[in-house]
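Just so you know, all these numbers are worked out from the coordinates, no wet-lab data involved. Remember, it's a predicted structure, so these values are computed and weren't measured experimentally. Every residue, glycine among them, receives a Cβ derived from its backbone with ideal geometry; neighbour counts consider all protein chains shown.
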Amino acid sequence: MNAARVLVLHGPNLNLLGQREPGLYGRHSLAEIDAALQTQGSQAGAQVQCFQSNHEGALIDRIQRAPDQADGILINPGGFTHTSVALRDALLAAALPVVEVHLSNVFAREEFRRRSLISDIAAGVVCGFGPQSYRLALEALLAHLRG
Ligand code: DQA
C-alpha cells in the first residue's frame, strides 16, 4: 500500500491548548501535538496533515476536500462533538474511516458531553489520555487503514 494519508482535524478552542483549562486539557500546545503526530506518522511511513478551525463551515469545507487528499480522518471536534449534525453529515459524505479523539474523558464530565454525534459513525473513539489520546488514535487509525 502507498503511504497512508491522514487528515487530523481539530475543532473550536483547541488552538488554545496549553493555556485553556490546563488542569483538564494539559500544558501541551496544539503545535506540539501536531508536531508529535507528524513525527509518529513519518516513523510509521504515513503522511499526516493537520488543520484547526474555530468555524464549523471551515471544518466542513476541509472534510469535503478530504476524499481526494486523505485515506482517513482523525478528528477532535471539540464542542461540535455534542452539537453538530452538519459535521456528522460531512463526515458521512466523505465516507472515509474516522477516529474520534478527545483529550479529556468526556464520559466523566458534564452530562451533555456524554452525547457525541460522531461516535456511532466512527471506526473508534479514544478519550481521556490527554495528548496521548492523539498518539493512540493515530496508531489505531493507521492499523485500521492497513486492515
Ligand atoms: C474535547 C471535549 C469537548 O467536550 C470539549 O468541548 C472540547 C475538548 C476534548 O478534547 O476533551 O473542546 O473535545
Margin query: With the requirement that a residue be more than 10 Å from the ligand (Cβ to nearest atom), over 17 Å from G11 (Cβ atoms) and of a type in the set (G, A, S), what does the stretch 90-129 give you?
Written below: A93, A95, A108, A123, G124
Check: Out of (1) away from the ligand (no atom under 16 Å from the Cβ); (2) out of contact with any strand residue (DSSP E or B) (no Cβ under 6 Å at 6 or more places or on another chain); (3) under 15 Å from E139 (Cα atoms); (4) not charged (D, E, K, R), the odd one out for I33 is which?
Finding: (1)
Check: List the pairs whose first member sits in the stretch 4-18 and is under 13 Å from I60 (Cα atoms) and among the small types (G, A, S), whose second member is within 7 Å of the ligand (Cβ to nearest atom) and not in a helix (DSSP H, G or I), and whose Cβ atoms are under 7 Å apart, counting only residues at least 6 apart or on separate chains?
Finding: G11/N76; G11/P77
Next item on the list: For the stretch 19-26, state whether one or more residues are away from the ligand (no atom under 12 Å from the Cβ) and touching a residue at least 12 places away in the same chain (Cβ under 8 Å).
Entry: no
Note to self: So Y134 ticks every box in (1) within 11 Å of the ligand (Cβ to nearest atom); (2) crowded, with 21+ Cβ neighbours inside 10 Å; (3) more than 16 Å from G41 (Cβ to Cβ) but one. Which box is left unticked?
What the structure shows: (3)
Item checked: Residue that is touching a Leu at 6+ places or on another chain (Cβ under 9 Å), touching a residue at least 12 places away in the same chain (Cβ under 8 Å) and more than 15 Å from L7 (Cα to Cα), where the choices are R109, R113, R88 -> R88
